[in-house]
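The values are calculated or read from the model by the stated rules, or taken from the named source; none is laboratory data. Here the structure is a predicted model, which means the values were calculated and not measured. Glycine also receives a Cβ, built like all others from the backbone with ideal geometry; neighbour counts cover every protein chain displayed. The protein model used for the area step is the full one, side chains on, heavy atoms only, and it has no ligands, DNA or RNA in it. Shrake-Rupley method; radii C 1.70, N 1.55, O 1.52, S 1.80 Å.
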Amino acid sequence: MDRLRQTLRRLRKTPGFTFLAVLTVAVGLGANVAIFAVVDAVLIRPLPYPDSQRLVAVDHAAPGLGLEILRQSERLFLHYREAAESYEHIALIDQESVSLGTADGRAMPRRLTAAQITPGGLEMMRVTPTAGRFFRGEEGRPGAAPTVVLGDSLWRRDFGAEPDTVGRLVTIDGVEHEVIGIVPDLDFPDPEVRLWLPRVIDPETARLTAFGSFGLARLADGVTLEQANAEADRLVRPLAATFPDDDAAKILDNADFDAKVIPLRDIVVGDLGTALWILLGTVAFVLLIACANVANLFLVRTERRRRESAIRTALGAGRRELALDGLFESLALGLAGGIVGLGLATAAIELLHAFGPQELPRLHEVTIDGRIAAFALLLSVVAGLLFGLVPIVRSRVRQLATTLKDGGRSATIGHGGRLLRHSLVVGQVAMALTLLVGAGLMVRSFERLTRVDPGFDSDPRALTFSLALPQTTYPDDEAAARFVSALVDEMESLPGIDEAGTTTSVPLGGHGNARGHEIEGRPLAEGEPPPLFRVELISDGYLEAVGARLLAGRALTRAETESRAPVCLVSASLAAKHFPDGDALGQRISNNIGDGDSWSEIVGIVGNIHSQGLDEVAPDTVYYPLLPVAAGDWEARSIDVVLRHRGTTESMIPTVRDRVWGLDNNLPLTAPRTLDELVRNARARMAFTVLLLLIAAGVAIALGAIGTYGVLSSLVTERRGEIGIRIALGAPLERVAGAVVQQGLRLAALGAVVGLAAAAGLTRALQSILFEIAPLDPVTFAVVPCVLLLIVLVATAGPALRAARVDPMEVLRGD
């Protein structure tokens, strides 16, 4: 305790040093703790289900069709369920939006996210019902009485957590369902899921190629991921032998169709893991730079306290005691910096929850808990040891008589000490430049991303929202199409609306269907995979409402969208790829391969529109009328409405909602947003990464500049006598100042060389998250060192001016 009190007393005597050291450490530690909390929640911590490491996704791929990810189809699911031995259980899951109301219809309809799951799936996730039960096997068969399981938060919010909720009737999309149970809120397949429905499968109509569902399985005890992959691959190769009655099986075999069993956590995290590990490595560099800075402060402080140390040695203090004093001081500063840094990290996490990209998986799980606090404590101790051991290792107790004779006035740090401090500055500059190069590459990538043409006019006054037409109210395609036509008319009649239209998949909405197509006059060889085109069903006025470009031909008419007119539009990429002679107009295509009565004539060519993301190639797309000539299970029942208006979005939404309810008061509007928001959301994840890298690089540069400033200031102080004599002998002031500047630039240049070499190797880790920029981009590698040297030049200005203002008479009198 005595040593602790003495340590705190010494630190209080130097408030400037203490404040700067604590603040520097806090910035480095806070950044590391905040990013580690994100990495821990997203990548390290198991998913919030018991024994979650055994949960896997059963996916597929068809490289021959250009499809790297194919989910699960009903017929394949039934095949796995009957034949696979690697799984304790396998379930099929779909996600949809539904309208929930009371059985008497008195409640205002609201749109909720629901998940459909085959019976046994919730038990497979090892969750226990809060009340009631989960789905039985017969409830997943055609004709079963409709049932529903409510999520815990929905039960508490809308039903007051009343025990008698189980057994009550509610309406879902106009159909009465019995509430059979309450389930704790799950984060899969989406944190927004508020209720669960049984996934109904009819084995008689189950299709092999409808890959729209998610296959979730739990590995059986003792089965490894490699064994599960081997069995799944064996069960689907060849498909034609397993499903000889399905012609599509031969096509998939020729497309190298295979299975992929993937840990569920990898599916949830997606491609974000690389970016997060890079960010964690980045802030680790920031902490090292901060430690180097504080080590330099300690070196200066040690030299200034050399006389005090010599006196204490003369009074009997040993080298061990002096070293322990220094180590206690560094640990105290490290812990103080850790406490402040933990506060900064907590604030950063709050900002992340408020302003971070909502696409960040498991964002709501990011928090500062006991494990993160323990990590902060450990990092504080390590940081304290890092910057505290440097002066201890360097320290050499000089001869007592020499130190006392010098009186502490003219003694200097010496060549070895100066070399160590210069080395720390070179390391700081090198690490700062490496981070700045990485941030520069991401900035260049983001700049390229912002220049990508989305293919539509993303005016902030263009509003889109979603509607889902229940089967009970709109029993067939024609009924749905009639409602859409009436809706478009109603929207166009609103004051301030310029254009209105609908589609089954709004641009950058992240969803849509792809179908194999046949081109008239180009028959497919036996087993040849057909070209896959993305399919959208649109109303008249949609192209104008979304701001798409009609490059050739004409748009669809109202009469064509209300009838099964054999016409369609195609994207420019489709026309160029499959009709390179420029004769796409007038050609005919069909999505019902082999059906000679379902041809659709191409009457227009539309500019390419990005549907999934701006960093992905715009897909080959076919735009059919709301009622396409070929009937199928892809009717326009879930639609996105697009309105181009002259008012404000806030004032337009209530008016639009009233008009929609005037047509059908059971249809809630969901996901209202502007087309501009869609584009900003598509850039959000990269913008988030760029922002964090820029902040880290900015802090690193600032710390590097402060370190350079500190070393040069100390140099001027140590050589004040020499500088005064040179000025007295007639040395020009600009030469004196220039010598200091040259010293700083030499250190920065050496650091830049080391940093460029390090960046050339380390930036390759960024390759997977860069967009249209090479890891060794010459522009970035040329501009960044110039920027860094300019910043260092500014940092040298203060010490250089101090050197030029040294009064030679004052120096000579002092000596």
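Structural remarks
- Per residue, the average separation of C-alpha pairs within less than 8 Å and at least 6 apart gives the chain a relative contact order of 16 percent.
- The charge dipole of the range 132-266, taken about its Cα centre with unit charges on the Cβ of Lys, Arg, Asp and Glu (plus for the first two, minus for the last two), comes to roughly 200 debye.
- Förster radius 60 Å - calculated FRET efficiency between Thr472 and Ala373 (Cβ-Cβ, nearest 0.05): 0.65
- A 1.4 Å probe over all protein chains sorts Lys13, Lys250, Lys577 by accessible area into Lys13, Lys577, Lys250, starting with the largest.
- Nearest 10 degrees, 0 to 90: helix 675-718 Cα axis against the chain principal axis: 10
- Here Lys577 is the anchor, and the aspartates and glutamates within straight C-alpha reach of less than 18 Å, apart from those fewer than 8 places off in the same chain, are Glu518, Glu520, Glu528, Glu601, Glu616, Asp620.
- For the chain, the longest principal axis of the C-alpha atoms and the axis of helix 272-304 are separated by about 10°.
- Cα-based Rg / Dmax (Å) for the range 496-537: 15.9, 55
- Separation of alpha-carbon centers, the range 421-452 and the range 746-770, rounded to whole Å: 8
- Inter-centroid distance (Cα atoms) of the range 551-568 relative to the range 333-347, Å: 64
- Ordering of 474-483, 30-39 by packing is 30-39, 474-483, highest average first (other Cβ atoms within 10 Å, averaged per residue).
- Mean projection area, nm², convex hull over Cα of the chain: 44.1
- When +1 charges are put on Lys and Arg Cβ atoms and -1 charges on Asp and Glu Cβ atoms, the dipole computed for the chain relative to its Cα centre reaches about 7500 debye.
- Radius of gyration and Dmax over the Cα atoms of the range 129-263, both given in Å: 19.3, 56
- The range 484-513 and the range 607-684 have Cα centres lying 6 Å from one another.
- Farthest toward the positive end of the dipole of the chain, out of Ala765, Pro654, Phe456, is the Cα of Ala765, where the dipole comes from beta carbon charges about the Cα centre.
- Protein-only accessible surface at a 1.4 angstrom probe places the residues Ile201, Ile695 in the order Ile695, Ile201, largest first.
- Relative to the longest principal axis of the Cα atoms of the chain, the long axis of helix 370-394 lies at roughly 30 degrees.
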